[in-house]
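Asks: Quick one: the structure is below, and I'll ask about it shortly.
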Amino acid sequence: MCLSLLLVLAVASPPKAAQEMPLLWAKAAGGAGWDWVADVVEAPNGDVLITGRFDQDITFGAGESHETVLHKSGPGQFEMFVARLAAADGTLMWARQAEG
């Protein structure tokens with residue numbers, strides 16, 4: 001089974017109507033197992049921070065200069081991740097993991 005996270009950011013400034021909200025960028029990340037996003041927050045400079053869990057290796061920023069593969073460290077249920085994406089275009093800045 002292959003599941004992917006789809007990360008989408010829309011314009012931060014509120015438009016007149018929701019239908020007018022343009023899409024800035026969309027990014028995919030994921031692995032062969034189950035991947036969950038727990039929270040998405042905006043940093044003070046507009047970058048996007050994402051936290052979540054995964055149960056098999058997961059790739060962030062595929063094909064980008066900072067492409068990162070987080071590896072399942074051993075037996076157990078899930079690993080946790082945190083990733084930071086650039087506000088302008090969603091480029092991966094970094095991704096880290098911790099055992100969960």
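The values are calculated or read from the model by the stated rules, or taken from the named source; none is laboratory data. This one's a predicted model, so the numbers in the text were calculated from it and none came from an experiment. Here Cβ is always computed from backbone atoms with ideal geometry, including for glycine, and neighbour counts include all displayed protein chains.
Asks: Is region 12-24 home to any residue that is at pLDDT 65 or above and either among the small types (Gly, Ala, Ser) or within 17 Å of the chain's Cα centre (by Cα) (or both)?
Replies: The answer is yes; a qualifying residue exists.
Asks: Would you mind stating whether residue 60 is more than 22 Å from residue 23 (Cβ to Cβ), surrounded by 12 or more Cβ atoms within 10 Å (Cβ to Cβ) and within 13 Å of the chain's Cα centre (by Cα)?
Replies: So residue 60 fails the test.
Asks: Among the residues of region 68-100 satisfying the criterion of being modelled with pLDDT of 90 or more and of a type in the set (Phe, Trp, Tyr), which is farthest from residue 38 (Cα to Cα)? Before you say what the answer is, go through the steps one by one.
Replies: So in region 68-100, the residues modelled with pLDDT of 90 or more come out as 68-71, 79-97.
Going one step further and asking which of them are of a type in the set (Phe, Trp, Tyr), we end up with 81, 94.
Details: 81: 10, 94: 17 Å.
Step by step, filter region 68-100, then rank; the result is 94.
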